[in-house]
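Trainee: Okay, here's the structure, questions in a sec.
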Amino acid sequence: MDNKLMLMIPGPTPVPEQVLLALAKHPIGHRSGEFSKIMAEVTQNLKWLHQTQNDVLIVTASGTGAMEAGIINFLSPGDRILVGCNGKFGDRWAEIGEAYGLNVEKVTAEWGQPLDPEQFREKLEADTQKQIKAVIITHSETSTGVLNDLETVNRHVKAHGEALIIVDAVTSLGAVNLPVDAWGLDVVASGSQKAYMIPPGLGFVAVSPKAWEAYKTAKLPRYYLDLGKYRKDAAKNTTPFTPPVNLIVALQAALQMMQAEGLESIFNRHQRLTSATRAAIKALNLPLFAADNAASPAITSVAPQQVEAEQVRAIMKKHFDIVLAGGQDHLKGKIFRIGHLGFVSDRDILTAIASLEAALRELGYEGSTPGAGVAAATRVFAQ
Ligand SMILES: *Cc1c(COP(=O)(O)O)cnc(C)c1O
(Lines give C-alpha, C1' and ligand atoms only; values in the text may rest on other atoms or scores of the structure.)
Protein backbone atom coordinates (compact mmCIF):
# COMPACT_ATOMS: atom_id res chain seq x y z
CA MET A 1 0.00 0.00 0.00
CA ASP A 2 1.18 3.52 -0.72
CA ASN A 3 1.07 5.07 2.70
CA LYS A 4 0.21 8.67 3.42
CA LEU A 5 3.46 10.61 3.20
CA MET A 6 4.26 12.59 6.34
CA LEU A 7 6.69 15.42 5.69
CA MET A 8 8.49 16.25 8.90
CA ILE A 9 11.19 18.38 7.33
CA PRO A 10 11.57 22.14 7.82
CA GLY A 11 10.10 22.91 4.44
CA PRO A 12 8.29 22.10 2.33
CA THR A 13 5.87 21.57 5.20
CA PRO A 14 2.50 19.73 5.10
CA VAL A 15 -0.29 21.52 3.23
CA PRO A 16 -3.87 21.50 4.63
CA GLU A 17 -6.71 20.21 2.48
CA GLN A 18 -8.41 23.65 2.16
CA VAL A 19 -5.17 24.97 0.73
CA LEU A 20 -4.74 22.04 -1.67
CA LEU A 21 -8.28 22.63 -2.93
CA ALA A 22 -7.56 26.34 -3.40
CA LEU A 23 -4.47 25.39 -5.42
CA ALA A 24 -6.51 23.11 -7.66
CA LYS A 25 -8.72 25.94 -8.95
CA HIS A 26 -8.37 27.19 -12.49
CA PRO A 27 -5.97 30.17 -12.63
CA ILE A 28 -7.62 33.59 -12.92
CA GLY A 29 -6.26 36.64 -14.71
CA HIS A 30 -3.82 38.58 -12.57
CA ARG A 31 -5.10 41.93 -13.85
CA SER A 32 -8.72 41.10 -12.98
CA GLY A 33 -10.80 42.76 -10.28
CA GLU A 34 -11.26 39.36 -8.71
CA PHE A 35 -7.52 38.94 -8.29
CA SER A 36 -7.07 42.49 -6.95
CA LYS A 37 -9.56 41.70 -4.21
CA ILE A 38 -7.50 38.67 -3.22
CA MET A 39 -4.30 40.73 -3.26
CA ALA A 40 -5.94 43.33 -0.99
CA GLU A 41 -6.96 40.64 1.48
CA VAL A 42 -3.63 38.80 1.57
CA THR A 43 -1.69 42.07 1.91
CA GLN A 44 -3.74 42.97 4.99
CA ASN A 45 -3.39 39.50 6.47
CA LEU A 46 0.36 39.43 5.86
CA LYS A 47 0.63 42.61 7.93
CA TRP A 48 -1.38 40.92 10.65
CA LEU A 49 0.94 37.91 10.60
CA HIS A 50 4.01 40.16 10.81
CA GLN A 51 2.40 42.36 13.52
CA THR A 52 3.27 45.41 11.44
CA GLN A 53 2.01 48.44 9.57
CA ASN A 54 5.06 48.21 7.28
CA ASP A 55 4.83 47.07 3.69
CA VAL A 56 4.93 43.29 3.33
CA LEU A 57 5.75 42.50 -0.29
CA ILE A 58 5.33 39.24 -2.16
CA VAL A 59 7.93 38.06 -4.68
CA THR A 60 7.91 34.95 -6.85
CA ALA A 61 10.98 33.21 -5.49
CA SER A 62 12.03 30.75 -2.83
CA GLY A 63 13.14 32.12 0.53
CA THR A 64 16.61 32.82 -0.82
CA GLY A 65 15.10 35.25 -3.34
CA ALA A 66 13.52 37.12 -0.42
CA MET A 67 16.96 37.15 1.27
CA GLU A 68 18.61 38.53 -1.86
CA ALA A 69 15.90 41.19 -2.18
CA GLY A 70 16.57 42.09 1.46
CA ILE A 71 20.18 42.89 0.60
CA ILE A 72 20.14 44.44 -2.88
CA ASN A 73 17.41 46.99 -2.19
CA PHE A 74 19.00 48.64 0.81
CA LEU A 75 22.79 48.48 0.48
CA SER A 76 25.60 49.72 -1.77
CA PRO A 77 28.88 48.14 -2.93
CA GLY A 78 31.50 48.18 -0.18
CA ASP A 79 29.00 48.69 2.65
CA ARG A 80 30.14 47.11 5.90
CA ILE A 81 27.65 44.57 7.28
CA LEU A 82 27.69 42.23 10.27
CA VAL A 83 26.29 38.78 9.57
CA GLY A 84 25.52 36.24 12.28
CA CYS A 85 26.85 32.86 11.14
CA ASN A 86 26.05 29.77 13.18
CA GLY A 87 24.67 27.53 10.48
CA LYS A 88 23.95 27.03 6.79
CA PHE A 89 21.54 29.95 6.44
CA GLY A 90 23.70 32.49 8.25
CA ASP A 91 26.51 31.46 5.91
CA ARG A 92 24.18 31.93 2.93
CA TRP A 93 23.53 35.55 3.94
CA ALA A 94 27.29 36.12 4.07
CA GLU A 95 27.65 34.52 0.62
CA ILE A 96 24.97 36.76 -0.87
CA GLY A 97 26.64 39.83 0.66
CA GLU A 98 30.01 38.76 -0.75
CA ALA A 99 28.50 38.05 -4.18
CA TYR A 100 27.34 41.67 -4.27
CA GLY A 101 30.67 43.10 -3.16
CA LEU A 102 29.71 44.08 0.38
CA ASN A 103 32.28 44.25 3.16
CA VAL A 104 31.01 41.25 5.11
CA GLU A 105 32.12 40.75 8.70
CA LYS A 106 30.96 37.47 10.21
CA VAL A 107 29.99 37.06 13.85
CA THR A 108 30.24 33.34 14.35
CA ALA A 109 29.27 30.65 16.80
CA GLU A 110 29.76 26.93 16.49
CA TRP A 111 26.95 25.13 14.67
CA GLY A 112 24.49 24.04 17.36
CA GLN A 113 25.29 27.04 19.59
CA PRO A 114 23.36 30.33 19.56
CA LEU A 115 25.05 33.58 18.49
CA ASP A 116 26.39 35.66 21.39
CA PRO A 117 24.66 39.10 21.40
CA GLU A 118 27.66 40.55 23.29
CA GLN A 119 29.84 40.11 20.20
CA PHE A 120 27.40 42.26 18.24
CA ARG A 121 27.30 44.85 21.04
CA GLU A 122 31.10 45.16 21.07
CA LYS A 123 31.39 45.64 17.33
CA LEU A 124 28.48 48.07 17.18
CA GLU A 125 29.76 50.16 20.10
CA ALA A 126 33.25 50.28 18.61
CA ASP A 127 31.81 51.64 15.35
CA THR A 128 31.74 55.32 16.34
CA GLN A 129 32.07 56.30 12.65
CA LYS A 130 28.76 54.54 11.98
CA GLN A 131 30.14 52.53 9.10
CA ILE A 132 28.10 49.39 9.81
CA LYS A 133 25.12 49.68 7.49
CA ALA A 134 23.29 46.50 8.41
CA VAL A 135 23.23 43.63 10.88
CA ILE A 136 21.80 40.37 9.57
CA ILE A 137 20.47 37.67 11.86
CA THR A 138 18.93 34.29 11.08
CA HIS A 139 16.28 34.09 13.80
CA SER A 140 15.67 30.34 13.63
CA GLU A 141 18.76 28.62 12.17
CA THR A 142 17.06 25.72 10.42
CA SER A 143 20.26 23.77 9.74
CA THR A 144 20.92 23.24 13.45
CA GLY A 145 17.58 23.87 15.21
CA VAL A 146 18.91 26.87 17.12
CA LEU A 147 16.82 29.97 17.89
CA ASN A 148 19.06 33.05 18.03
CA ASP A 149 18.37 35.86 20.52
CA LEU A 150 17.15 38.36 17.95
CA GLU A 151 15.51 40.60 20.55
CA THR A 152 18.80 41.29 22.35
CA VAL A 153 20.89 41.69 19.19
CA ASN A 154 18.25 44.08 17.88
CA ARG A 155 18.50 46.20 21.04
CA HIS A 156 22.21 46.66 20.34
CA VAL A 157 21.45 47.58 16.73
CA LYS A 158 18.94 50.18 17.91
CA ALA A 159 21.56 51.64 20.29
CA HIS A 160 23.91 51.99 17.28
CA GLY A 161 21.24 53.99 15.52
CA GLU A 162 22.51 53.82 11.94
CA ALA A 163 22.54 50.14 10.95
CA LEU A 164 19.47 48.40 9.59
CA ILE A 165 18.41 45.14 11.22
CA ILE A 166 17.74 42.53 8.54
CA VAL A 167 16.13 39.31 9.71
CA ASP A 168 15.84 35.85 8.22
CA ALA A 169 12.52 34.82 9.74
CA VAL A 170 11.96 31.96 7.30
CA THR A 171 11.39 29.36 10.03
CA SER A 172 10.41 31.70 12.88
CA LEU A 173 7.65 33.86 11.42
CA GLY A 174 4.35 32.15 12.20
CA ALA A 175 5.99 29.86 14.74
CA VAL A 176 7.24 32.16 17.50
CA ASN A 177 6.42 35.73 18.49
CA LEU A 178 8.08 38.17 16.06
CA PRO A 179 6.51 41.60 16.62
CA VAL A 180 8.01 43.51 13.69
CA ASP A 181 6.74 46.96 14.74
CA ALA A 182 7.25 46.57 18.49
CA TRP A 183 10.86 45.55 17.90
CA GLY A 184 11.41 47.91 14.99
CA LEU A 185 12.71 45.29 12.56
CA ASP A 186 13.69 46.89 9.26
CA VAL A 187 13.72 44.02 6.78
CA VAL A 188 12.13 40.64 7.47
CA ALA A 189 12.38 37.82 4.94
CA SER A 190 10.29 34.63 4.84
CA GLY A 191 9.11 31.94 2.41
CA SER A 192 5.87 30.18 1.58
CA GLN A 193 6.90 26.56 2.16
CA LYS A 194 7.53 27.02 5.88
CA ALA A 195 4.97 28.23 8.46
CA TYR A 196 2.68 29.56 5.72
CA MET A 197 1.53 25.98 4.99
CA ILE A 198 1.60 26.42 1.20
CA PRO A 199 4.00 24.94 -1.36
CA PRO A 200 7.34 26.58 -2.25
CA GLY A 201 7.35 29.51 -4.65
CA LEU A 202 6.61 32.73 -2.78
CA GLY A 203 9.01 34.91 -0.85
CA PHE A 204 7.93 37.70 1.50
CA VAL A 205 9.82 40.82 2.53
CA ALA A 206 8.59 43.26 5.19
CA VAL A 207 10.17 46.71 4.84
CA SER A 208 10.25 49.51 7.44
CA PRO A 209 10.21 53.27 6.69
CA LYS A 210 13.89 53.42 7.73
CA ALA A 211 14.73 50.72 5.18
CA TRP A 212 12.83 52.66 2.48
CA GLU A 213 15.02 55.66 3.30
CA ALA A 214 18.09 53.48 2.69
CA TYR A 215 16.47 52.22 -0.54
CA LYS A 216 16.61 55.74 -1.98
CA THR A 217 20.42 55.85 -1.92
CA ALA A 218 21.20 52.11 -2.25
CA LYS A 219 23.31 51.46 -5.33
CA LEU A 220 23.40 47.69 -5.84
CA PRO A 221 21.87 46.65 -9.18
CA ARG A 222 18.30 45.41 -9.04
CA TYR A 223 15.52 44.74 -11.49
CA TYR A 224 13.24 41.73 -10.96
CA LEU A 225 13.64 42.00 -7.20
CA ASP A 226 13.43 45.81 -7.07
CA LEU A 227 11.04 46.12 -4.13
CA GLY A 228 10.09 49.67 -5.05
CA LYS A 229 8.17 48.24 -8.01
CA TYR A 230 6.33 45.79 -5.74
CA ARG A 231 5.49 48.53 -3.26
CA LYS A 232 4.06 50.80 -5.94
CA ASP A 233 1.91 48.02 -7.36
CA ALA A 234 0.86 46.61 -3.98
CA ALA A 235 -0.74 50.00 -3.27
CA LYS A 236 -2.98 49.28 -6.28
CA ASN A 237 -3.53 45.65 -5.21
CA THR A 238 -1.53 44.30 -8.06
CA THR A 239 1.98 43.01 -8.83
CA PRO A 240 4.66 44.24 -11.28
CA PHE A 241 5.04 40.84 -12.97
CA THR A 242 2.77 37.81 -13.42
CA PRO A 243 2.44 36.25 -9.97
CA PRO A 244 1.82 32.52 -9.44
CA VAL A 245 -1.91 33.19 -9.07
CA ASN A 246 -2.68 29.73 -7.72
CA LEU A 247 -0.16 30.18 -4.93
CA ILE A 248 -1.67 33.56 -4.05
CA VAL A 249 -5.12 31.95 -3.85
CA ALA A 250 -3.59 29.23 -1.66
CA LEU A 251 -1.99 31.93 0.49
CA GLN A 252 -5.40 33.53 0.93
CA ALA A 253 -6.79 30.25 2.25
CA ALA A 254 -3.80 29.60 4.50
CA LEU A 255 -3.86 33.08 6.04
CA GLN A 256 -7.58 32.69 6.72
CA MET A 257 -6.81 29.47 8.59
CA MET A 258 -4.07 31.19 10.56
CA GLN A 259 -6.41 34.06 11.48
CA ALA A 260 -9.04 31.61 12.64
CA GLU A 261 -6.48 29.94 14.90
CA GLY A 262 -5.04 33.22 16.18
CA LEU A 263 -1.41 34.24 16.65
CA GLU A 264 -1.25 33.32 20.34
CA SER A 265 -2.60 29.84 19.65
CA ILE A 266 -0.21 29.34 16.74
CA PHE A 267 2.78 30.26 18.89
CA ASN A 268 1.54 28.12 21.80
CA ARG A 269 1.04 25.15 19.51
CA HIS A 270 4.57 25.38 18.15
CA GLN A 271 5.92 25.72 21.68
CA ARG A 272 3.95 22.63 22.74
CA LEU A 273 5.13 20.59 19.73
CA THR A 274 8.72 21.62 20.44
CA SER A 275 8.48 20.79 24.15
CA ALA A 276 6.87 17.41 23.49
CA THR A 277 9.44 16.48 20.85
CA ARG A 278 12.34 17.47 23.05
CA ALA A 279 10.89 15.68 26.08
CA ALA A 280 10.52 12.53 24.00
CA ILE A 281 14.08 12.70 22.63
CA LYS A 282 15.42 13.14 26.17
CA ALA A 283 13.35 10.21 27.42
CA LEU A 284 14.84 8.12 24.61
CA ASN A 285 18.30 9.11 25.87
CA LEU A 286 19.24 10.60 22.52
CA PRO A 287 21.37 13.78 22.59
CA LEU A 288 19.63 16.99 21.52
CA PHE A 289 21.85 19.10 19.28
CA ALA A 290 20.59 22.51 20.54
CA ALA A 291 20.25 23.51 24.20
CA ASP A 292 16.82 23.99 25.81
CA ASN A 293 17.25 27.77 26.04
CA ALA A 294 18.07 28.06 22.33
CA ALA A 295 15.55 25.63 20.85
CA SER A 296 13.99 26.51 17.51
CA PRO A 297 10.16 26.34 17.48
CA ALA A 298 10.33 24.83 13.99
CA ILE A 299 12.81 22.02 14.16
CA THR A 300 14.45 19.68 16.64
CA SER A 301 17.91 18.32 15.81
CA VAL A 302 19.05 15.03 17.26
CA ALA A 303 22.66 13.81 17.29
CA PRO A 304 22.44 10.06 17.95
CA GLN A 305 25.60 8.22 18.94
CA GLN A 306 24.77 4.52 19.16
CA VAL A 307 22.84 4.51 15.89
CA GLU A 308 23.49 6.11 12.50
CA ALA A 309 21.39 9.21 11.84
CA GLU A 310 21.05 8.30 8.17
CA GLN A 311 19.84 4.79 9.04
CA VAL A 312 17.19 6.23 11.33
CA ARG A 313 15.99 8.41 8.47
CA ALA A 314 16.03 5.53 6.00
CA ILE A 315 13.90 3.28 8.23
CA MET A 316 11.48 6.07 9.09
CA LYS A 317 10.92 6.61 5.38
CA LYS A 318 10.84 2.96 4.36
CA HIS A 319 8.52 1.59 7.05
CA PHE A 320 6.47 4.60 8.07
CA ASP A 321 6.59 7.06 5.13
CA ILE A 322 7.79 9.74 7.50
CA VAL A 323 10.40 12.04 6.02
CA LEU A 324 12.89 13.52 8.47
CA ALA A 325 15.66 15.91 7.43
CA GLY A 326 19.33 15.01 7.58
CA GLY A 327 22.31 17.16 8.50
CA GLN A 328 23.73 19.70 6.08
CA ASP A 329 27.38 20.29 5.17
CA HIS A 330 29.68 18.96 7.91
CA LEU A 331 26.66 17.77 9.93
CA LYS A 332 25.71 15.30 7.19
CA GLY A 333 25.32 11.88 8.80
CA LYS A 334 25.78 13.38 12.28
CA ILE A 335 22.27 14.60 13.00
CA PHE A 336 18.69 14.09 11.93
CA ARG A 337 16.12 16.84 12.19
CA ILE A 338 12.43 16.56 13.05
CA GLY A 339 10.38 19.38 11.54
CA HIS A 340 7.32 20.56 13.48
CA LEU A 341 6.51 23.72 11.56
CA GLY A 342 3.22 24.87 10.10
CA PHE A 343 0.36 22.41 9.67
CA VAL A 344 1.49 20.02 12.41
CA SER A 345 -0.63 18.69 15.28
CA ASP A 346 -0.01 16.89 18.58
CA ARG A 347 -1.05 13.67 16.85
CA ASP A 348 1.67 14.10 14.22
CA ILE A 349 4.31 14.30 16.95
CA LEU A 350 2.97 11.21 18.73
CA THR A 351 3.01 9.33 15.42
CA ALA A 352 6.55 10.45 14.65
CA ILE A 353 7.89 9.59 18.10
CA ALA A 354 6.22 6.16 18.16
CA SER A 355 7.64 5.45 14.70
CA LEU A 356 11.05 6.70 15.78
CA GLU A 357 10.97 4.28 18.73
CA ALA A 358 10.18 1.42 16.36
CA ALA A 359 13.01 2.47 14.03
CA LEU A 360 15.46 2.63 16.93
CA ARG A 361 14.42 -0.84 18.03
CA GLU A 362 14.98 -2.17 14.53
CA LEU A 363 18.50 -0.73 14.65
CA GLY A 364 19.16 -2.59 17.90
CA TYR A 365 19.15 0.53 20.04
CA GLU A 366 18.76 -0.37 23.71
CA GLY A 367 19.27 3.03 25.30
CA SER A 368 15.68 3.41 26.50
CA THR A 369 12.65 1.41 27.56
CA PRO A 370 9.98 0.88 24.90
CA GLY A 371 7.32 3.57 25.03
CA ALA A 372 9.43 6.05 27.00
CA GLY A 373 9.40 8.66 24.24
CA VAL A 374 5.68 8.47 23.61
CA ALA A 375 5.01 8.63 27.36
CA ALA A 376 7.13 11.78 27.71
CA ALA A 377 5.44 13.52 24.76
CA THR A 378 2.02 12.51 26.10
CA ARG A 379 2.84 14.10 29.45
CA VAL A 380 3.62 17.41 27.75
CA PHE A 381 0.38 17.28 25.78
CA ALA A 382 -1.61 16.51 28.93
CA GLN A 383 -0.39 19.65 30.70
C1 LIG B 1 14.24 27.44 4.10
C2 LIG B 1 15.06 28.57 4.59
C3 LIG B 1 15.49 29.61 3.75
C4 LIG B 1 15.15 29.70 2.30
O5 LIG B 1 15.51 28.62 1.55
P6 LIG B 1 14.88 28.39 0.09
O7 LIG B 1 15.28 27.01 -0.22
O8 LIG B 1 15.47 29.40 -0.79
O9 LIG B 1 13.40 28.58 0.24
C10 LIG B 1 16.19 30.66 4.31
N11 LIG B 1 16.50 30.67 5.62
C12 LIG B 1 16.11 29.71 6.46
C13 LIG B 1 16.47 29.82 7.90
C14 LIG B 1 15.38 28.63 5.98
O15 LIG B 1 14.97 27.66 6.81
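The values are calculated or read from the model by the stated rules, or taken from the named source; none is laboratory data. Since the structure is predicted, the reported quantities are computational estimates derived from the model, not experimental observations. Here the Cβ positions follow ideal geometry from the backbone for every residue, glycine too, while neighbour counts run over all protein chains shown. Side chains are part of the model used for accessible areas, which takes the heavy atoms of the whole protein and leaves out ligands, DNA and RNA. Shrake-Rupley method; radii C 1.70, N 1.55, O 1.52, S 1.80 Å.
Trainee: Roughly how much of residue 345 is accessible, in Å² to the nearest 10, using a 1.4 Å probe?
Mentor: Solvent-accessible area, nearest 10 Å²: 40 Å².
Trainee: May I ask for the equivalent-ellipsoid semi-axes of segment 17-260, computed as the square root of five times each C-alpha gyration tensor eigenvalue and listed largest first in whole Å?
Mentor: The equivalent ellipsoid of segment 17-260 has semi-axes of 31, 19, 15 Å.
Trainee: Using the Kirkwood radius built from alpha carbon pairs, what does the Stokes-Einstein equation give as D for segment 78-138 at 10 °C and 1.306 mPa s, in µm² per second?
Mentor: The estimated diffusion coefficient comes to 136 µm²/s.
Trainee: Mean projection of the alpha-carbon convex hull of segment 242-338 over all orientations, in nm²?
Mentor: The Cα convex hull of segment 242-338, projected and averaged over all directions, gives 9.0 nm².
Trainee: Looking at segment 17-260, send over the antiparallel percent of its DSSP beta bridges, to the nearest 5.
Mentor: If we restrict to bridges inside segment 17-260, about 40 percent are antiparallel.
Trainee: Could you please report the charge total around residue 64, scoring K, R as +1 and D, E as -1 over all other residues with beta-carbon less than 11 angstrom from its beta-carbon?
Mentor: Charge balance near residue 64 sits at -2.
Trainee: Please compute the Cα-Cα pair-distance distribution of segment 96-238 with 10 Å bins starting at 0, giving whole percents from short to long.
Mentor: Computed distribution, short to long bins: 10, 37, 39, 13, 1.
Trainee: Another question about this same structure. Between residue 17 and residue 291, what is the FRET efficiency for a Förster distance of 35 Å, r being their Cβ-Cβ separation, to the nearest 0.05?
Mentor: E(calc), rounded to 0.05, equals 0.45.
Trainee: Taking only Cα atoms and a 10 Å spring cutoff, compute GNM fluctuations for the chain and point out the largest among 181, 168, 329.
Mentor: It is 329.
Trainee: Along the charge dipole of the chain, which of 146, 279, 81 sits closest to the positive end, that is, farthest toward it, with unit charges on the beta carbon of Lys, Arg, Asp and Glu (+1, +1, -1, -1)?
Mentor: It is 81, whose Cα lies furthest towards the positive end.
Trainee: Taking every DSSP beta bridge with both residues inside segment 62-169, roughly what % is antiparallel (nearest 5)?
Mentor: Approximately 10 percent, going by the DSSP bridge assignments.
Trainee: Only four residue types carry charge here, +1 at the Cβ of Lys and Arg and -1 at the Cβ of Asp and Glu. Report the dipole size of the chain about the Cα centre in Debye, rounded to the nearest 20.
Mentor: 680
Trainee: Which residue, 201, 367, 145, tops the fluctuation ranking in a GNM of the chain built on C-alpha contacts under 10 Å?
Mentor: Result for the chain, Cα springs under 10 Å: 367 fluctuates most.
Trainee: Here's another thing I want to ask about it. Just the accessible area for residue 378, please: 1.4 Å probe, Å², rounded to the nearest 10?
Mentor: Approximately 70 Å² for this residue.
Trainee: Then there's this: Quick query: amide H of residue 103 versus all other amide H atoms, modeled in the peptide plane; which residues come in under 5 Å with a sequence gap of 5 or more or a different chain?
Mentor: Excluding prolines and chain starts, which carry no amide H, the hits are 78, 79, 80, 81.
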